[in-house]
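Written out below as structure tokens is the structure these notes cover.
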Ligand code: SF4
Ligand code: F3S
């Protein structure tokens, strides 16, 4: 599966949802997640994200993100069309350690 990582937090560009063939993105207030049970590993969303937030879970150190994607995709609503990104999205692009912001 592919997972959305902290680079998405407060950027939420949503280009990813437009290309997913199985519509497996789910929307939280500050970020999106992928349902790992629905993702077919096609990889088309990865290059579409301007924040480079989407990675294959085969990369090292993504266990907490896989867990988070699995957990929240079960609760959050499905999203299939791009909406307006946060007004300050570009200011958050590339900022490190955004995980803390997820809960604030
Ligand atoms: Fe959707 Fe493919 Fe991205 Fe999985 S890898 S979330 S199926 S676009
Ligand atoms: Fe997030 Fe990138 Fe999609 S910032 S909403 S994963 S396009």
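A short reminder: the numbers here are calculations on the coordinates, not readings from a lab. Just so it is clear, the model here is predicted, and its values are computed rather than measured. Using ideal geometry, Cβ is built from the backbone for each residue, glycine included, and neighbour counts are taken over all protein chains shown.
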Ranked list, fewest to most other Cβ atoms within 10 Å of each Cβ, for 1, 58 = 58, 1
In whole percent, what relative contact order does the stretch 2-79 give with Cα contacts below 8 Å and a gap of six or more residues?
-> 44
Name the shape class, rounded, prolate or oblate, that the alpha-carbon gyration tensor gives for the stretch 31-84, where a ≥ b ≥ c are the square roots of its eigenvalues, rounded holds for a/c under 1.5, and otherwise prolate holds if a/b is larger than b/c and oblate otherwise.
-> oblate
Simple SL model, points at 7 angstrom along Cα→Cβ for residue 91 and residue 44; separation in nm is 3.5
Which of rounded, prolate, oblate describes the chain, given a ≥ b ≥ c as roots of the alpha-carbon gyration tensor eigenvalues and a/c under 1.5 marking rounded, otherwise prolate only if a/b is larger than b/c?
-> rounded
Between the stretch 47-95 and the stretch 1-42, how many Å separate their Cα centres?
-> 5
